[in-house]
Amino acid sequence: LKEWVENLGGMCNPICKDLTEDDSTGYIVSKIKDEYGPVDTAFLGATKFFIGPFEETASSDINDAIRVNLLSPIEITKAILPDMLRRGFGKICAISSISGILPLPYLAVYDATKAGIIGFCRALAEEVEGTGVTVTSVAPRAIDTVAMNKLKKMHQNLGWVIDSPETVAEKILRATALGKSQVTIGGIEKLVPIVKALFPGIIKRILDVTRAEMSDFFRDKDDWA
């Protein structure tokens, strides 16, 4: 990433830190401020993704997912927000997931952290409205990254769309630039909250099909372990 950015004429200063460690977010923000000064725009996208039966999920994985997916973006936001409010300008964008809107089986902890990010961003966006600071959460659907390699066949069986990273990045940039509070990527996906409220039976049928397909997927542990 550093090489790519610099070849385009930009500056990139990678700061490598394990977000499961205590005070890792404080270290990162301190290094950024020392190098560049106050933060103007922040994209908070670090994610610990794991999928599987909840009963088989290790406690360490649960703690790490909550730490990385939910607590870290909240802590970073707390560290950079005061400077933004003082200057009357700033943009914060946290990456959630369609899993935070549509509760998918075998993703219980991941779903919970992503739902938490959506709730946090919505509430904070209301709190800072009119200050010149905007807070955005973007909920992508599946993205064609390494994490998806073992799940592509299952997604195809379910008929789910897998977006390219470039497409998702463009939509994240646009949503942040416009200062939108919450954006869901995908036409059908945008309708999930409305359909869930008006026609809960439809969502239940979707989840039943999803659970059956995922159950088959996890039955053969060689496919996903």
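Taking the conditions exactly as written (modelled with pLDDT of 95 or more, part of a helix (DSSP H, G or I), open to solvent by 20 Å² or more (accessible area, probe 1.4 Å) and over 22 Å from K33 (Cα atoms)), does A79 satisfy them or not? In short, no. When I66, I98, I117, I74 are checked against the criterion of being modelled with pLDDT under 95 and either of a type in the set (A, V, I, L, M, F, W, C) or touching a Cys at 6+ places or on another chain (Cβ under 9 Å) (or both), a single residue qualifies: I98. Residues in region 141-189 that are at pLDDT below 90, open to solvent by 90 Å² or more (accessible area, probe 1.4 Å) and either among the aromatic types (F, W, Y) or over 16 Å from the mean Cα position of the chain (by Cα) (or both): how many? Within region 141-189, residues that are at pLDDT below 90, open to solvent by 90 Å² or more (accessible area, probe 1.4 Å) and either among the aromatic types (F, W, Y) or over 16 Å from the mean Cα position of the chain (by Cα) (or both) number 6. Could you tell me whether any residue of region 49-61 is part of a helix (DSSP H, G or I) and touching a residue at least 12 places away in the same chain (Cβ under 8 Å)? Scanning region 49-61 turns up at least one residue that is part of a helix (DSSP H, G or I) and touching a residue at least 12 places away in the same chain (Cβ under 8 Å).
Taking the criterion of being under 30 Å from R87 (Cβ atoms) and open to solvent by 60 Å² or more (accessible area, probe 1.4 Å), the only residue of region 101-122 that qualifies is R122.
Of all residues in region 90-99, at least one satisfies being open to solvent by less than 70 Å² (accessible area, probe 1.4 Å), in a helix (DSSP H, G or I) and under 30 Å from H155 (Cα atoms).
The values are calculated or read from the model by the stated rules, or taken from the named source; none is laboratory data. Keep in mind the model is a prediction, meaning the values are calculated, not measured. Cβ sites come from the backbone with ideal geometry, for glycine too, and all protein chains shown count toward neighbours. We work out accessible area using only protein heavy atoms, side chains counted, and drop any ligands, DNA or RNA first. Shrake-Rupley method; radii C 1.70, N 1.55, O 1.52, S 1.80 Å.
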